[in-house]
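For reference, the structure is listed below as structure tokens.
The values are calculated or read from the model by the stated rules, or taken from the named source; none is laboratory data. Source: prediction; values computed, not measured. No Cβ is skipped: glycine too gets one built from the backbone with ideal geometry, and neighbour counts run over all protein chains shown.
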Amino acid sequence: MKSKISIYAIGFILVAALSRLLPHPPNFTPIGAMALLGGTYLSKKYLKFILPLAALFLSDIILNNTIMRVWYPDIEGFIFLTQSMKWVYFSFIIMILFGSVILKERNLKNIALGTIGVSIIFFLITNFGSFIGSGIYPKTLAGLIACFAAAIPFFLNTILGNVFFGFLGFGALYLLENRMQLATAK
């Protein structure tokens, strides 16, 4: 049964990655949920990381070369990754590890803590990366504070997206697990 739930988790991660291609409010995405589900439901260590990262990478390739292409006028040809994406991927790896630890026991409290936690991880790492990598902010404490302050309006959508997609994914998988257990018990 555990391998069947892993297959459903893989399916959810792939659908979540594809949902990034649909119109949505800024930062209202399933990135944190993908990391949490991967870290929680995929038992093989390499799958925990490879599958969610591959799903993120494939959706990024599509986004970077279609919808987001206008953001990169200086880059010619096909875009695999942009310079700033290394911070997103680093935060994603940390989120997967975080999910592996905090969600060893899946319950409402841990799922809530997990979705909020991955939101904070994403916010801190990616905005620090923006501070380091962009020429917008002076490399001072005031510049760092300004960078984080500018990102606060997007933080609420990050939390809402992770909570929505996280509870959707964990809820669906919980229902599937219970349904399978009932079917096995009969």
ask   = Residues in segment 48-62: is at least one charged (D, E, K, R) and over 18 Å from the mean Cα position of the chain (by Cα)?
value = no
task = Restrict the check to segment 167-179 and report whether at least one residue is of a type in the set (S, T, N, Q) and free of Cβ contacts under 8 Å to residues at least 60 places away in the same chain.
result = yes
remark   = Picked from segment 23-71 (must be touching a helix residue (DSSP H, G or I) at 6+ places or on another chain (Cβ under 7 Å) and in a loop (DSSP other than H, G, I, E, B)), the residue surrounded by the most Cβ atoms within 10 Å (Cβ to Cβ) is PRO30
remark   = Scanning segment 109-141 for residues that are polar (S, T, N, Q) and within 21 Å of PHE165 (Cα to Cα), the one surrounded by the fewest Cβ atoms within 10 Å (Cβ to Cβ) turns out to be ASN110
query = Do we have ARG106 as in contact (Cβ under 8 Å) with a residue 24 or more places away in the chain, of a type in the set (Lys, Arg) and either at negative phi or in contact with a strand residue (DSSP E or B) (Cβ under 8 Å, 6 or more places away or on another chain) (or both) here?
reply = yes
inquiry  = Tell me whether segment 97-104 contains one or more residues that are under 30 Å from SER3 (Cβ atoms), touching a Gly at 6+ places or on another chain (Cβ under 7 Å) and either at pLDDT 95 or above or among the hydroxyl-bearing types (Ser, Thr, Tyr) (or both).
reply    = yes
Subset of segment 19-46 (residues that are closer than 20 Å to GLU177 by Cβ, free of Cβ contacts under 8 Å to residues at least 12 places away in the same chain and either touching a Cys at 6+ places or on another chain (Cβ under 8 Å) or of a type in the set (A, V, I, L, M) (or both)) = none
Residue, modelled with the lowest pLDDT, within segment 1-22, restricted to residues that are more than 12 Å from the chain's Cα centre (by Cα) and not in a helix (DSSP H, G or I) = MET1
key: Single residue of LEU144, LEU168, LEU160 found to be part of a helix (DSSP H, G or I) and exposed (fewer than 15 other Cβ atoms within 10 Å of the Cβ)   = LEU168
ask   = With (1) modelled with pLDDT of 95 or more; (2) under 30 Å from LEU108 (Cα atoms); (3) not basic (Lys, Arg) as the list, and PHE170 as the residue in question, which single condition is left unmet?
value = (1)
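Does ASP74 meet the test of being surrounded by 12 or more Cβ atoms within 10 Å (Cβ to Cβ), among the acidic types (Asp, Glu) and either more than 20 Å from the chain's Cα centre (by Cα) or modelled with pLDDT of 90 or more (or both)?
No.
What's the total number of residues in segment 80-104 that are not charged (D, E, K, R) and not in a helix (DSSP H, G or I)?
6
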Unmet requirement for ALA146, which otherwise passes all of (1) modelled with pLDDT under 95; (2) small (Gly, Ala, Ser); (3) in contact with a Pro (Cβ under 9 Å, 6 or more places away or on another chain) = (1)
